[in-house]
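The values are calculated or read from the model by the stated rules, or taken from the named source; none is laboratory data. On a predicted model such as this, the values are computed, not experimentally measured, just so you know. As a convention, Cβ positions derive from the backbone with ideal geometry for all residues, glycine included, and neighbour counts pool all protein chains shown.
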Amino acid sequence: MPISLHTPLDMHLHLRDGDMLKTVAPLSARTFSGALIMPNLVPPIESKEDVIRYKNRILETIGNEQFTPYMTLFFKPTYSRSFLEEVRDEITAVKLYPAGITTNSEGGLSGFDIDELRPTLEAMSDLEIPLCIHGETGGFVMDREAEFVPIYEKLAKHFPNLMIIMEHITTKESVEALDRFENLYATITLHHLMITLDDVAGGMLRPHLFCKPIAKRPEDREALLKVALKAHPKVMFGSDSAPHPREAKESPGCAAGVFTAPIALQALAELFKKNGASAENLQKFISQNAQKIYNLKPIQKEVVLTEEHFIVPKSYGGVVPFLSETTLDYSIHTVI
Ligand code: NCD
Ligand code: ZN
């Protein structure tokens, strides 16, 4: 049976810049109505001018495709209320990275002192600007996200009207935190619904599956699947599609990031079907939940997927996609 997905949204996407932007942006723009664009460029997106110029570069790259880049700023604790008021209409969220925790995050935050953060976070709360967080501490790699949950809770408690999105959650601890605080939400990636650390490093090392946060244990994956498949209203799809050139992945110092954007809808359709979840739930996970959480009115798009085999390409312009050279059960038939 064909599946029609309406107005797909990707609420966590890395489009990069320059030639990489030209390679990857059209791939998302073809099938998604919009995406939340991450600001971790070099240098990061930190001013209104940066936001506007980057948005224009994205729009230039995608030609006539109907696609909205929902822009973000790279969080700085120095952002003033007047600055945020001025930039408000150009952005959908602000993204916070702990310093040095992932690709291009060196200028991130080095501590979570509430008093230090209060002026900026109160202003964001009053102006209804959501805060997206890469929630990992500098601890042992498998424990980093679970160790960050108390920080999420501290922020949620001190700023009860601030919308906080726990980005790309990978643990059962984060799933459990969702229901403890009204103002906590989460994005979930495709790859964290499919793989565990065993797939990354249990046999031959697979650099194209290496990302931050690293894939965790089977029970974590189960917890993520449970909320995604039932389309828990506080979770939404965010691919965290993070392209790096093949040379940067197949290297002694492998860059973190899994490139999933062009195959995400096909693979999600298969995953939901195999797990006995309904197309309605996939629809909510891929669009309605995000529309409600972020109060978005996206461009209408309909993506029809049919049960025809799709062999995932080896590479898209020098970037190796997730599940490359494997056969998926669903193909994209038409996009209207
Ligand atoms: C992302 C990237 O490459 O920009 N990498 C990743 O492993 N997910 C950054 C991020 O979201 O952590
Ligand atoms: Zn990311």
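Looking at GLU49, GLU145 in this structure, which one is within 16 Å of ligand 2 (Cβ to nearest atom), modelled with pLDDT of 95 or more and over 19 Å from HIS158 (Cα atoms)?
Working: GLU49 fails: within 16 Å of ligand 2 (Cβ to nearest atom).
Just one listed residue meets the conditions, GLU145.
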Name the single residue, out of those in the stretch 209-235 being in contact (Cβ under 8 Å) with a residue 60 or more places away in the chain and within 14 Å of ligand 2 (Cβ to nearest atom), that is nearest to GLY318 (Cα to Cα).
LYS212
Identify the residue in the stretch 56-72 that is under 15 Å from the mean Cα position of the chain (by Cα) and not β-branched (Val, Ile, Thr) and, among all such residues, is farthest from SER33 (Cα to Cα).
MET71
Test for ALA256: is it within 16 Å of ligand 2 (Cβ to nearest atom), in contact with a Lys or Arg (Cβ under 8 Å, 6 or more places away or on another chain), in a loop (DSSP other than H, G, I, E, B) and within 25 Å of GLY139 (Cα to Cα)
yes
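Tell me, which strands (runs of 3 or more DSSP E) lie completely within the stretch 1-50 with 3 or more residues that are touching a residue at least 12 places away in the same chain (Cβ under 8 Å) and crowded, with 24+ Cβ neighbours inside 10 Å?
Details: elements: 3-6, 9-13, 34-37.
Result: 9-13, 34-37.
What are the residues in the stretch 57-80 that are in contact (Cβ under 8 Å) with a residue 40 or more places away in the chain and in a loop (DSSP other than H, G, I, E, B), if any? Before you say what the answer is, go through the steps one by one.
So in the stretch 57-80, the residues in contact (Cβ under 8 Å) with a residue 40 or more places away in the chain come out as 57-58, 61, 66-70, 72, 75-80.
Of everything in the stretch 57-80, those that are in contact (Cβ under 8 Å) with a residue 40 or more places away in the chain and in a loop (DSSP other than H, G, I, E, B) turn out to be GLN66, PHE67, PHE75, LYS76, PRO77, THR78, TYR79, SER80.
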For the stretch 202-240, how many residues meet the condition of being within 15 Å of ligand 1 (Cβ to nearest atom) and either within 22 Å of GLY139 (Cβ to Cβ) or not aromatic (Phe, Trp, Tyr) (or both)?
14
Here is a check on your reading of the model: is ASP240 within 28 Å of SER315 (Cβ to Cβ), surrounded by 16 or more Cβ atoms within 10 Å (Cβ to Cβ) and modelled with pLDDT of 95 or more?
yes
